[in-house]
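Only one structure is covered here, and it is reproduced in the block below.
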Amino acid sequence: MALSTKRHTNESMSHLLSDTARHRQIGIALVTVTTLMFAVLDTSAKWLVQTLPVFQVVWLRFLVHTLLTTAIFMPSMGGRLFVVSNPRLQLLRGVMLALMTAMNFFALQYLQLAETGAVQFSVPILIALISAWHLGEKLDTKRWVAICIGFLGVLVIIRPGSHGFHPAIFLSIMNACLYAGFNLMTRRLVSSDHPVVTQLTSAAVPTLLLAPLALWHWQTPQDWQTWLIVLAAGLSGGLGHMASAVAHRYATAAVLGPFLYQQIIYMTLGGWLVFGQIPDSAVALGACIVVLSGLYLLWREFRKTDSLILE
């Protein structure tokens, strides 16, 4: 098991650019762009689902993403933009992204941005569980304690049985579970497909799948402001996924992971500025617990990766 883990780590590192301080800085900068863009996406989506059907908002978000990616990269890449090396995995990734986005947008109708963001940060905890179950990775006692504490933080956010509980939180939880698998899939595709191809495919699949539902529920936006926010949602979503994919070519997930948590700052700020929403003490406490648990797991992963490289 130790040898297979070491080989897997070395293979993953071989698909990265050389591990230098400069490349790590670039990767961290790209992840910062990712978190900012995803916060803009969720803020835009929460505004849009108050006035338009959710399936229409999801479809428009991916349609704009698809059209912009094609328009920007077609002149330089030509036919290579449509060359997919791993079509089955790309198709599965696109279906997962459609489901994740739909669940997140439905949840945003009823929940604060800070709530959905806080639950989303349970992803490193879920990835640790997936690694233990699917990859056969052995977790020590300290990691199991961190995982249990992290899920305790999620329960603090959910507050089952209290007046602050809303069933839509389960959509955020399912979204986080899918996102954990989505992240593992993204890391695998980095080695086989160009990041631009991956982002175009991931947007084109939901665009095609959701078109019938979106057109069935279609309501034409009545003002330029709505169309502008639709454009912002599509552009921020595309840029966010692109920056995330490229960042993983410059640095490992262990290096980048801690910087993903800055997104909760941007989402809280967006909720306050646009909707006048301030997270209550339970959400703030639960978010802190989840973030600290995730950061501990990422730190342990970073130490493990470094020790394997030294071997």
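Remark: the range 262-278, residue by residue, has Karplus-estimated 3J(HN,Hα) of 5, 4, 4, 5, 5, 5, 5, 5, x, x, 6, 5, 8, 10, x, 9, 10 Hz, where x stands for each Gly or Pro and the curve is 6.51 cos²θ - 1.76 cosθ + 1.60 at θ = phi - 60°. Mind grabbing the base-10 log of I(q)/I(0) for the range 163-204 at q = 0.29, 0.33 Å⁻¹? Debye formula, identical points on the C-alpha positions, no solvent, two decimal places. Here the Debye-derived log intensity ratios amount to -0.97, -1.05.
Where a number appears in this text, it was derived from the coordinates with a stated rule and is not lab data. The shown structure was predicted, so the numbers you read here are calculated from the model rather than taken from an experiment.
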